[in-house]
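Input: a single structure, listed below in structure tokens.
The values are calculated or read from the model by the stated rules, or taken from the named source; none is laboratory data. All figures in this text were calculated on a predicted structure; none of them were measured in a lab. For neighbour counting, all protein chains shown are included, and Cβ atoms are generated from backbone atoms with ideal geometry for every residue, glycine included. Quick note on the areas: whole protein, heavy atoms, side chains included, nothing else; ligands and nucleic acids left out. Shrake-Rupley method; radii C 1.70, N 1.55, O 1.52, S 1.80 Å.
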Amino acid sequence: MPAKLLYPISWDCLTSRPEEFRRICSDESISKDVAAAPPADVVMREAAAFVGTRPMVAHNAAFDRQFWRSELAHCGLVAEHEFACTLLLSRRLYPDAPNHKLGTLAQWFDLPVSGRAHRALADAEVAAHLLARMQRDLAKRHDCSDPNAALLMALQRIPMAQVGAFLRQF
């Protein structure tokens, strides 16, 4: 079933590592927003309970996966979640794109954009719209009847030269 953005949820939090807060929040407006947020351990436990065992999706998922695992580890929780990466998927599905940055793909596909780029919620919403576009394209252009999480995670690992053959299996 294609992705559908039901409602946005956002958890701002103070990272468990203050040096990371200073490094990522060099923008004063971001600093002020996050400085008032609750500690990461409180927020991450709530986020983990919400996510459960569902797979996760992000653009450049390696970054998000590292943060997710690190912050959950500080809470004593294990994060074995699988991540689909819209960056890796876009390279395989849209080799003709000018580049595979999230903002570029949003413009290229005329995806809805709300909020400021590189803010978690705004980027997550754009990535969700991009994922939905990918699932529609897989269904329409490649006859994939069920472009589910398992297919996406397998596709992102396929060498680009083998994408066509891989998709013909579905």
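Condition test on LEU105, is it at pLDDT 90 or above and assigned to a helix (DSSP H, G or I)? Considered against the rule, which asks whether it is at pLDDT 90 or above and assigned to a helix (DSSP H, G or I), LEU105 comes out as yes. When ALA161, ALA165, ALA139, ALA149 are checked against the criterion of being more than 19 Å from PRO55 (Cα to Cα) and in contact with an Asp or Glu (Cβ under 9 Å, 6 or more places away or on another chain), a single residue qualifies: ALA139.
Considering the stretch 29-77, the residues that are modelled with pLDDT under 90, open to solvent by 70 Å² or more (accessible area, probe 1.4 Å) and among the aliphatic types (A, V, I, L, M) include one that is farthest from GLN156 (Cα to Cα), namely ALA36. Close contacts from the stretch 45-60, counting a first residue that is closer than 18 Å to LEU121 by Cβ and touching a residue at least 24 places away in the same chain (Cβ under 8 Å) and a second that is among the basic types (Lys, Arg) and not in a helix (DSSP H, G or I), with Cβ to Cβ under 9 Å and a gap of 6+ residues or different chains, come to HIS59/LYS101.
Taking each residue of the stretch 64-77 that is more than 24 Å from LEU88 (Cα to Cα) and looking for partners that are of a type in the set (Asp, Glu) and open to solvent by 70 Å² or more (accessible area, probe 1.4 Å) with beta-carbon atoms closer than 6 Å, six or more apart or interchain, yields CYS75/ASP41. Filtering the stretch 44-98 to residues that are part of a helix (DSSP H, G or I) and of a type in the set (Ser, Thr, Tyr) leaves SER70, THR86, SER90.
TRP108 satisfies every condition listed in (1) under 13 Å from the mean Cα position of the chain (by Cα); (2) of a type in the set (Phe, Trp, Tyr); (3) open to solvent by 40 Å² or more (accessible area, probe 1.4 Å) except (1).
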